[in-house]
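Written out below as structure tokens is the structure these notes cover.
No lab work stands behind these numbers, since they all come straight from the coordinates. Model, not experiment: these values are computed from the prediction. We place every Cβ from the backbone using ideal geometry, glycine too, and count neighbours over all the protein chains shown.
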Amino acid sequence: ATLGLVTTSLGFHAPSQIAAAIKIHAQQAGYNVLIAMVNEDLPDGLQAAVNELQAQRVDGIIINLPLDGPQAEALSANNGDMACLFLDVPPDAGVFYVMFNPDDGTRESVDHLFLQGHRQFALLSGPMASVSARLRLQSWQRALQERGLTAAVIGQGDWTAQSGYLRTLEMRHQCAHFTAILVGNDQMSLGVISALQQQNVAVPAQVSVIGYDDTRDSAFFLPALTTVSQDFNQLGQEAVTRLVSMLGNPAQPHSASVMLPTHLVVRHSTA
Ligand code: IPT
């Protein structure tokens, strides 16, 4: 039996770790996995990828692509004969999903820095085309607001280390006095730390940095990165288990959706 995975670029660390976890857990459940990587610049790229997998007779499809509620709902409706499970949609989407809770880790990050005495925050989000980037940004902003604060400066990257580097230089130019920066993922955090160090800004003595993902390399950044851990292995396992049980029981789909917790891992990039 075969499952399909439609994924965003495997050039990014998180989606590649998620794909690896799906592959391993599917294998254990007796399923092969066919992977289609979507070119997000093509308007019909997603449906084309689904068609490609269907032509190869997959039994169900996992979709790790940032989709808004209506986009995900349309995809499910247009492919009604195929079980679809989404990994990157808003929590109120009317589809079957397994996703990380966008609120708990972001909130813990703000609390951690606030308790360390930080009041001047920079926010560096992922691309606004990504639902999870928007949810993380909103969640940081809500947590700051509840403490009577607003961000001193906000930037937007594209998940890459290079964008983290460049946006940090720009944000420091716009507002040199922030003492902490919340970053939408670890790859951008790598660029953030590199830009700060190049400007002789000590991390964490002058600026604290918190990432998001806790990908495998993050404990070895210099300094070791404080970050929000998303358990990609657990995501892969839950996705496979729930999709497989849905294949055997197509009558009760959406009730099986779940949000997985995230949590802050404190290392040495915050003080
Ligand atoms: C999300 C990662 O947190 C981010 O770093 C980036 O890789 C993005 O994926 C790519 O789409 S994780 C996703 C399951 C929300």
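Here are a few things to note about the model shown:
- Most mobile listed residue (Asp44, Asp158, Asp88) in the chain, GNM with C-alpha springs under 10 Å: Asp44
- Spacing of the two label points (7 Å from each Cα toward its C-beta) at Gln197 and Gln28, in nm: 3.6 nm
- DSSP-defined antiparallel bridges as percent of all bridges, segment 177-268, nearest 5: 30 percent
- Two-site label geometry, Met259 and Gln56: point separation in nm, points 7 Å out along Cα→Cβ: 3.4 nm
- The trypsin sites (Lys or Arg not before Pro) of segment 94-187 that meet both conditions, a loop assignment by DSSP and at most 13 other Cβ atoms within 10 Å of the site Cβ, are Arg147.
- CD proxy at 222 nm, helix term only [per DSSP H run n ≥ 4: -39500 (n - 2.57); per residue of the chain; nearest 500]: -12500 deg cm²/dmol
- The chain: antiparallel DSSP beta bridges as a percent of all, rounded to 5: 10 percent
- Potential extension, Gln116-His177 segment - 0.36 nm per residue separation minus Cα distance: 20.3 nm
- Segment 1-42 and segment 86-123: distance between their alpha carbon centers, rounded to Å: 24 Å
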